[in-house]
Structures are given as structure tokens and as C-alpha cells.
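One structure is given below, encoded as C-alpha cells.
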Amino acid sequence: MTLNVALIAESFDRAKKENGGLRTLGLRFYERLFEKYPSVRHLFTAPPEEQHKKLMASVGAIVASVTNPEVMLPYLRAMGIRHIAYKTENGHYGAVAENLVAVLDEHLSKEGEWTDEMKANWEEALQIISEVMIDAAAHPEQYETELTAAGYQADGFKSNNAKPWELVIS
């Protein structure tokens, strides 16, 4: 399958505007995640009211940079490396992906349409994202030069910014 990045961007743009926007989507993400996957609850130290902002900023950054791999790949690799410290396991990525697709379905179906094509594209995109992050977490030393050039430290955090989930695309 070839990713339809325009469809992903369009559906995320709708998510920003429909059904209470990204706040509603993000809060529902954590509500459903903790209901369906209670074993991951201990991994989150910030309350959902704060954590959802990071998640939605990260998803937005990925969507915005998807056609700019020299920006997106270091961002994803840094995020994967940061998740080592958060005790993220490879199996958690599938739960997060399933959960995000499910809440996007709920969110976008309320005011508009969520199609099988949207679902398939989001699932494929999230699979690719997971693979990049898992690889970086398994082999962080391979990406040190790339991350340094992109403004990240070896631990995946930004050199001069306490908000590594933010991405400025120039």
C-alpha cells in the first residue's frame, strides 16, 4: 500500500476542528488507553490533562513533516530513544496505534466520515512510525550523528528545549 499522506493530513486537520478538537481527541485517547490497556497506566507520570498536549503535538509534528523525511526521521528516532527512559516496550506501540485509530474513528465519525481508506492509511503510517522508533530505541548509537545534527542529545531530548515533542519545520 502506498500511503495517502494527503488523506492523513486532511483527517488530522478535521480532528483539530471537529467534536471539540484535539483536546477532546487527546483526552479520549488516554481514557480509552487506560480502560483497554490498564497495564500501561504506570508508564505515564503526567496526568492526561497534560499528557494529551504532548501526544497531539507529536502527532501534529509527524503529520506536518511526513513529506520532509530529513526532519521527520530524526524526530521519530529521538522520540524512540526518549521512550527508553519511559520504560516503553515494543508491544506498547501496537496498543498505542490501535488506540489512536479507534479514537480517531470515534472522533471523526461524530461530525463527518471515517472511512476504511482513512483507517488503513493511519494504521500503515503508525506501523512505520513504530518501526522507526523501535529501531532507534534498539540501536541508539547508530543515530547519534543524525540526532546531533538535528539538535537532539544522545538521550533523544533537545539540546536547548525542554519540550522535545515540539517540532519547528522551516
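The values are calculated or read from the model by the stated rules, or taken from the named source; none is laboratory data. Given the structure is predicted, the values throughout are model-derived calculations rather than measurements. Note that we place each Cβ from the backbone using ideal geometry, even for glycine, and neighbour counts take in every protein chain shown.
Within this structure, residue 7 fails the test of being under 15 Å from the mean Cα position of the chain (by Cα), part of a helix (DSSP H, G or I) and surrounded by 13 or more Cβ atoms within 10 Å (Cβ to Cβ). Within the stretch 32-59, restricting attention to residues that are polar (S, T, N, Q) and under 15 Å from the mean Cα position of the chain (by Cα), the residue that is farthest from residue 75 (Cα to Cα) is 51.
Annotation: residue 93 fulfils all but one of (1) under 23 Å from residue 137 (Cα atoms); (2) out of contact with any Leu (no Cβ under 9 Å at 6 or more places or on another chain); the unmet one is (2). Across the stretch 36-64, which residue is surrounded by the most Cβ atoms within 10 Å (Cβ to Cβ) among those that are among the charged types (D, E, K, R) and under 24 Å from residue 111 (Cα atoms)? Among them, the one singled out is 53. For the condition at pLDDT below 95, part of a helix (DSSP H, G or I), surrounded by fewer than 21 Cβ atoms within 10 Å (Cβ to Cβ) and not polar (S, T, N, Q), residue 110 qualifies. Residues that are out of contact with any Phe, Trp or Tyr (no Cβ under 9 Å at 6 or more places or on another chain), of a type in the set (Phe, Trp, Tyr) and at pLDDT 95 or above: does the stretch 75-95 have at least one? Checked against the condition, which is being out of contact with any Phe, Trp or Tyr (no Cβ under 9 Å at 6 or more places or on another chain), of a type in the set (Phe, Trp, Tyr) and at pLDDT 95 or above, the stretch 75-95 yields at least one hit.
Name the one entry in 125, 137, 102, 120 that is farther than 21 Å from residue 15 by Cβ, in a helix (DSSP H, G or I) and in contact (Cβ under 8 Å) with a residue 40 or more places away in the chain. Going through 125, 137, 102, 120 in turn, the sole match is 137.
Residues that are over 17 Å from residue 15 (Cβ atoms) and small (Gly, Ala, Ser): does the stretch 75-84 have at least one? Walk me through it before giving the result.
If we filter the stretch 75-84 for residues that are over 17 Å from residue 15 (Cβ atoms), which is where we start, we get 75-84.
Pick out the ones that are also small (Gly, Ala, Ser) and you get 78, 80.
Scanning the stretch 75-84 turns up at least one residue that is over 17 Å from residue 15 (Cβ atoms) and small (Gly, Ala, Ser).
Among the residues of the stretch 140-157, those identified as under 20 Å from residue 69 (Cβ atoms) and part of a loop (DSSP other than H, G, I, E, B) are 150, 151, 156. Is it the case that the stretch 133-140 has a residue that's over 16 Å from residue 101 (Cβ atoms), surrounded by fewer than 18 Cβ atoms within 10 Å (Cβ to Cβ), of a type in the set (Gly, Ala, Ser) and touching a strand residue (DSSP E or B) at 6+ places or on another chain (Cβ under 8 Å)? No, the conditions are met nowhere in the stretch 133-140.
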